[in-house]
Amino acid sequence: MILAVLIAFAAMVWFDLSKWVACWLAILFVLPTVWLTDYRGRVVRIKSSDPDKVVFEFKRSEYAQQFGQVNKIVLGAAAK
């Protein structure tokens, strides 16, 4: 992400752009990084939580079954 901001800053200086255009360029350059780190390759994520319950979402049902076995819990119907 730092690299994306540096590229946007360099483009601002090189092309004599306004700081607002450079900010939008930085946002545009950072978005793919955020998408890749947040959504791609994640095996498990917390879907919802409250003080009594945490709901996990698994990429594959095998992961959910192994998680249930290790933690000795009964899996919900969605995980089967």
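In the set (1) at pLDDT 85 or above; (2) on the phi < 0 side of the Ramachandran plot, the condition left unmet by ASP38 is number (1). Residues of segment 19-63 that are over 17 Å from the mean Cα position of the chain (by Cα) and among the aromatic types (Phe, Trp, Tyr): TRP20, TRP24, TYR63.
The values are calculated or read from the model by the stated rules, or taken from the named source; none is laboratory data. The structure displayed is predicted, hence computed values, not measured ones.
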